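Notes follow once the structure below has been shown.
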Amino acid sequence: MNTVSRLKGALTAAALGAGILAAGPAAQAEDLKFLTSWNENYQGTVGMALEYKKLVEEASGGSVQMPISGPDVIPPFEQLQPVQAGVFDVLYTHGAYHAGTTTMLIGMDTVDPDPAKRRDAGLWDAIDAHYQTLGMKVLALPTSGGVHTICRDNLPASGDFQGFKVRGTPPVHPMIEAMGGTPVVLPPAEIYSSLEKGVIDCATWPMLGAVGFKWFEVTKTFVRPATGSVTHLIAMNLDKWNSLSPDTQTLLLDQGKVLEERVRAIFTDWENEEEARLLKEGMTETQLDDANAAKLVQAHADGYWTIAGKRDTDRASALREMAKQANLIGQ
């Protein structure tokens, strides 16, 4: 059984065990065109996008369908605008992938990933309100574990990324630079070949993904500690949202909440399994010394909030303060 099939099976079993596949409110018949930033090689797509699709379709009794298109149709860094324009109805992505439009969500990758705490603190509503000003309605903010770095060679004697070219999205560039590396922007589809050819030395990525993309074939080590968490976004075109019946709207939001809770319950196990698989494939773990580890963690937090404030300074500052007041962030 391949990785995707195994993950789908685990999700189905867990959902049945939790009794969450019962039908929700009645929903009008809808075909919601669902665009994703990653294909099914990324476990996040399986555990978040495909799982949300399944939850919605089953809770609606099949009246709501969510046909999926991926980055082969629209490149991942160009996907927000087609959804804003109504070419697609729903988007699964990460805030860094549309940093040219808004950066507010990026700071959430430094916040405690517990979905109930985030909602109770008002963070979810604040993000939803902001995205509505962009013509988007937030449906879910599923969050996986932190970001780590995988490298094709062992780290230099300095114990950091000195002299290394490291792939990363803009929020991690300050972290890469603080660790002595040179940041490089690449879409996911180019990471394998770039590592293989030595175009880059390392790549930052969520703790899930290296196995699905088979990066262990062209890398030697993964770096610890991992930092932060990864807040994904599932959002809908606002005009489409407003056209839906109240029952359908309720169903979409209810299943988004179910998804957030389920993701936190299962992704820790998946991340542990992935690390074990990387070791089995011959990779080694590189644990940073205390000084470099502290520098990595601090630079990660500073970098994310700096980027978060680039376009949405006041909103990002308010969001950060809300997280601090709720003791969900240490920086």
*Taking the options V223, V172, V263, name whichever one is modelled with pLDDT under 95, buried (at least 20 other Cβ atoms within 10 Å of the Cβ) and outside the structural domain of G70 (by TED's automatic domain parsing).*
V172
*asked:* Suppose we keep only residues that are charged (D, E, K, R) and surrounded by 14 or more Cβ atoms within 10 Å (Cβ to Cβ) within the stretch 266-282. Which one would you say is modelled with the lowest pLDDT?
replied: E271
*May I ask you to list the residues in the stretch 161-198 that are farther than 16 Å from F213 by Cβ and among the aliphatic types (A, V, I, L, M)?*
V166, V172, M175, I176, A178, M179, V184, V185
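Matching residues to (1) more than 30 Å from G180 (Cα to Cα); (2) out of contact with any Lys or Arg (no Cβ under 6 Å at 6 or more places or on another chain):
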position: T219; (1), (2): no, no
position: F267; (1), (2): yes, yes
position: N272; (1), (2): no, yes
position: D314; (1), (2): yes, yes
position: A318; (1), (2): yes, yes
_Looking only at the stretch 232-245, and only at residues there that are farther than 27 Å from Q43 by Cα and either of a type in the set (D, E, K, R) or touching a Pro at 6+ places or on another chain (Cβ under 6 Å) (or both), the one that is surrounded by the most Cβ atoms within 10 Å (Cβ to Cβ)_ = K240
_Regarding the stretch 204-215, can at least one residue be identified that is closer than 30 Å to V56 by Cβ and part of a strand (DSSP E or B)?_
yes
_Any residue that is outside any helix (DSSP H, G or I) and over 26 Å from D112 (Cα atoms) - is there at least one of those in the stretch 261-281?_
yes
*Output the residues belonging to the stretch 216-229 that are of a type in the set (G, A, S) and not in a loop (DSSP other than H, G, I, E, B).*
A226
*Counting just the residues of the stretch 173-212 that are over 17 Å from I307 (Cβ atoms) and charged (D, E, K, R), which one comes out farthest from the chain's Cα centre (by Cα)?*
K197
*Answer yes or no as to whether T248 is outside any helix (DSSP H, G or I) and surrounded by 15 or more Cβ atoms within 10 Å (Cβ to Cβ).*
no
*Extreme residue, farthest from the chain's Cα centre (by Cα), among residues of the stretch 284-314 that are within 27 Å of V46 (Cα to Cα) and surrounded by fewer than 20 Cβ atoms within 10 Å (Cβ to Cβ)*: T284
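Okay, residues lined up against (1) over 14 Å from the mean Cα position of the chain (by Cα); (2) buried (at least 22 other Cβ atoms within 10 Å of the Cβ):
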residue	(1), (2)
D72	yes, no
P82	yes, no
M104	yes, yes
V111	no, yes
R119	yes, no
W124	yes, no
H130	yes, no
T133	yes, no
*So which residues in the stretch 131-144 are under 15 Å from R315 (Cβ atoms) and in contact (Cβ under 8 Å) with a residue 24 or more places away in the chain?*
Y131, Q132, L134, M136, V138
*Please give the number of the condition W241 fails out of (1) assigned by TED's automatic domain parsing to the domain that holds P75; (2) within 15 Å of the chain's Cα centre (by Cα); (3) among the aromatic types (F, W, Y).*
(2)
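The values are calculated or read from the model by the stated rules, or taken from the named source; none is laboratory data. Just so it is clear, the model here is predicted, and its values are computed rather than measured. In this analysis, Cβ positions are derived from the backbone assuming ideal geometry, glycine residues included, and neighbour counts consider all displayed protein chains.
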